[in-house]
Amino acid sequence: MRPHAQKRGLTMKYLVLIPDGMADEPIAAFGGKTPMQQAKKPVMDALAREALVGTVSNVPADMVPESDTANLAILSYDPKVFSKGRSPLEAVSMGIEMAPDETAYRCNVVTLSDEGEAYEDKIILDHSADEITTAEADELIKALQAHFGNAERHFYTGVSYRHCLIRKNGNDRYSFMRPHDILGKRIGDYLPRAEDGGAEFLQMMRESFEILNHHPVNEARRARGLKPANSAWFWSPGKKPQLPSFKEKWSLNGAVISAVDLIKGIGLCAGMRSIDVEGATGNVHTNYKGKADAAITAFREGADLVYVHVEGPDECGHRAELENKVISIERIDAEILAPVLSYLKESGEDFKIMILPDHPTPIRARTHTIDAVPFFIYASDATLAGVDTFDEATAAAKGNYLANGYQLMEILTAN
Ligand SMILES: [Zn+2]
């Protein structure tokens, strides 16, 4: 693969846009098209026509295609070296100071079936408890803290269903199951096992059902026709990763814009600015325009590289929401890419735009897959032979395959 033939001036600006989980597979309801092919995304396609286009593996073959792994790679950090799980990244973004002897665990509040069956026989119905509000979840997390908290364990409220347990001298080797990968399944087959060192977590999960199932917050949710958040689910343990500074690596002031704690955490661990956007929810109804405004403001305030991560397509993939996945891609094109591109053009400076999903989240699979994803790198001062429309098939057909996503930044910033 040949990098763009151009020099990096002091004024070069970089937009990295990550439509999370955008890549997919052919879908019968779309006549064999993928959501990327079905979506009308004229701005993305116009850039791809003159861009370096290819495919890239962000996640090493023997690792789990989680968002932390993939986004670490795109930001130039080899996941094999730096991936310590998502929870410590989320903890950092929540402002938790993590000591070296502390382990962070993601603590979802999930919905389990409630038919009077034994805990092991319950079915996991929703990993997000109908995307419970943060205010409701805060009460539940406080109840868990009151019951389980001690000198070594502390629960912290995050956002919606995504929370954090910090454990001193915790076990970060044990492999916990990801709740979004076992929807509809009997949990007994996936719970932490005492013989693997998971006894403490198994016990807390069992007891959490007793604490949460009839908590007033959940009774009120049931009355409103919403799923209760009636169990804690622990996963992704890890210690804080020690990332080399992004600025020192690339001589670029970087900013990260995301609704997702773990993406913010990667940015913060890498010494980048993390910019919060009001109304950025992480779902299909996220505040797209707010992300565009924030990116433009970040450039105005001196950022050289702005990393805009949009969760919408990924959530639609997990929920198998076909039409919404297409809509979220179209809205990213019209409401984020178009205005930021206009700003960059009007700024009069040279700029590059790199667009890629971190990983596929196919509607069929309803979870992430490890497959390579399409990417393009557009440079305002170079016209390359790209592709007519930017999608999985056209990108693969270019024959530019990059085996290590962590090398993308080198190509993006190459002279
Ligand atoms: Zn996802």
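Just so you know, all these numbers are worked out from the coordinates, no wet-lab data involved. Since we're looking at a predicted model, the values are computed, not measured. So basically every Cβ, Gly included, is an ideal-geometry build from the backbone, and we count neighbours across all protein chains shown.
With no solvent and one point on each alpha carbon, what is the Debye value of log10 I(q)/I(0) for segment 121-188 at q = 0.17, 0.20, 0.21 Å⁻¹? The Debye formula, applied to the Cα set alone, gives -0.78, -1.01, -1.07.
At 222 nm, what helix-only mean residue ellipticity would the chain give, in deg cm²/dmol to the nearest 500, using -39500 (n - 2.57) for each DSSP H run of four or more? Using -39500 (n - 2.57) per qualifying helix, the result is -8500 deg cm²/dmol.
The dipole here belongs to segment 140-272: it is taken about the Cα centre, uses +1 on the Cβ of Lys and Arg and -1 on the Cβ of Asp and Glu, and is about 340 debye.
As a test of the definition: which semi-axes, in Å, follow for segment 18-108 when you take the square root of five times each eigenvalue of its alpha carbon gyration tensor? Largest first, please.
Details: eigenvalues 225, 49, 37 Å².
Square roots of five times the eigenvalues give 34, 16, 14 Å.
Is there a pair in LYS80/LYS398; LYS41/LYS289; LYS33/LYS325; LYS80/LYS239; LYS41/LYS325 whose C-alpha atoms are over 18 Å apart, and which pairs would that be? Walk me through the intermediate numbers first.
Values: LYS80/LYS398 28 Å; LYS41/LYS289 16 Å; LYS33/LYS325 13 Å; LYS80/LYS239 15 Å; LYS41/LYS325 13 Å.
In this structure, LYS80/LYS398 exceed 18 Å between Cα atoms.
Shape descriptor for segment 93-238: Rg over Rh equals 0.94 (Cα atoms; Rh from the Kirkwood inverse mean 1/r).
Given Cβ point charges of +1 (Lys, Arg) and -1 (Asp, Glu) and nothing else, what value in debye, to the nearest 20, does the dipole of segment 291-415 about its Cα centre take?
240 debye
With the gyration tensor restricted to C-alpha atoms of the chain, the semi-axes of the equivalent ellipsoid amount to 37, 23, 19 Å, longest first. For the chain, a simple Cβ point-charge model (Lys and Arg +1, Asp and Glu -1, everything else neutral) yields a dipole of about 720 debye relative to the Cα centre.
By other beta-carbon atoms within 10 Å, ranking ARG224, ARG273 with the fewest at the front produces ARG224, ARG273. The ranking of TRP235, TRP250 by Cβ neighbour count inside 10 Å, starting from the fewest, reads TRP250, TRP235. For segment 313-373, the equivalent ellipsoid derived from the Cα gyration tensor has semi-axes of 29, 14, 5 Å, listed largest first.
Between HIS147 and ASN404, the contour length at 0.36 nm per residue exceeds the Cα-Cα span by 88.1 nm.
Each of THR111, THR133 has some number of other Cβ atoms within 10 Å of its Cβ, and from fewest to most they run THR133, THR111. In a Debye calculation with equal point scatterers on the alpha-carbon sites of segment 227-315 and no solvent, what is log10 I(q)/I(0) at q = 0.18, 0.23 Å⁻¹? So the normalised log intensities are -0.85, -1.12.
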